[in-house]
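Quick notes on the structure that follows.
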Amino acid sequence: MKISTLFHILSRQFRIPLLVFTSFCASSFLFNGVRFSAGAGFAVPVAMSLGMPMAQADTITGNMLHTGSAETLRIRVARDGQVLSIQANNDILKCLRRLRPADLVTVQGTVNALRQVLTIDSIDRLGLQELLGAWNSERWEIFEFKTFSQLELYIPSVADTNNGKGKPRRDRHPFAGHTRSLRYAITPDPDEMFSIFMTDNDDVRMGFLKVMPNKLVITVLDPKNGKVAETISLLRMRPQ
């Protein structure tokens, strides 16, 4: 996980007090007893300003237009609709080439209006079109990614999951339970996966996300020791 990405998301986007960070330095920090290290190419500045002179990095959000290894990467900027070619270091380009057309990206970068080029310094967060929709687990949980930042989690009651054995009891309605509304963020990870952060203001869960055709695997980490706390396999409810 990237040091500044996690710091930025938890403190700014999720409005978590910075006091939860007990140690912070240039290469790693301690969060609830777990030390996280920075990843090459994805450090995100903590202090950001919009509308700064061209020499300063700006926060830019847009949709990817061209992806893949053989094409020039381009982005359609959300605020004004202009289409820009992308320049960045190899780590960032590798991450962007994993995305699909129409995927959303928020980056720190500089625009050269004359050349119509966006030079990306770092990636704040990603929005994956492939993630949107409803997914269900073997325990009859339903994860519905409604937007690039909103997640509805349906959790069936114990009786409906046959005491956690994964199959609903015949004498119970399979959709009795409760729902949690979460906010989430996706950030790049260099190991062919993504980092995912989920919060409902009372709790923050973080881990890794692997995206496959009609299948997701979320590996949730224990914030106390950094070990794997849970692995959730999800199948799309309406396969594409």
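I need the full set of residues from the stretch 183-207 which are among the aliphatic types (A, V, I, L, M) and in a loop (DSSP other than H, G, I, E, B), in order please. Within the stretch 183-207, Met193 is the sole residue that qualifies. Could you say which residue among Ser195, Ser233 is among the polar types (S, T, N, Q) and within 12 Å of the chain's Cα centre (by Cα)? Result: Ser195 is the single residue among Ser195, Ser233 that is among the polar types (S, T, N, Q) and within 12 Å of the chain's Cα centre (by Cα).
Checking each residue in the stretch 133-148 for being touching a residue at least 12 places away in the same chain (Cβ under 8 Å) and in a strand (DSSP E or B) picks out Gly133, Ala134, Trp135, Asn136, Ile142, Phe143, Phe145. Restricting attention to the stretch 208-216, does a residue exist that is among the charged types (D, E, K, R), more than 20 Å from Gly133 (Cα to Cα) and either part of a strand (DSSP E or B) or assigned by TED's automatic domain parsing to the domain that holds Thr187 (or both)? No, that holds for no residue. Only residues that are over 18 Å from Met198 (Cβ atoms) and within 18 Å of the chain's Cα centre (by Cα) were counted in the stretch 215-230, giving 1.
Selection within the stretch 109-130: residues that are surrounded by 21 or more Cβ atoms within 10 Å (Cβ to Cβ) and within 16 Å of the chain's Cα centre (by Cα). The member of this set that is farthest from Gly62 (Cα to Cα) is Ser122.
The values are calculated or read from the model by the stated rules, or taken from the named source; none is laboratory data. Source: prediction; values computed, not measured. Cβ coordinates were reconstructed from backbone atoms using ideal geometry, including for glycine residues, and neighbour counts include every protein chain displayed.
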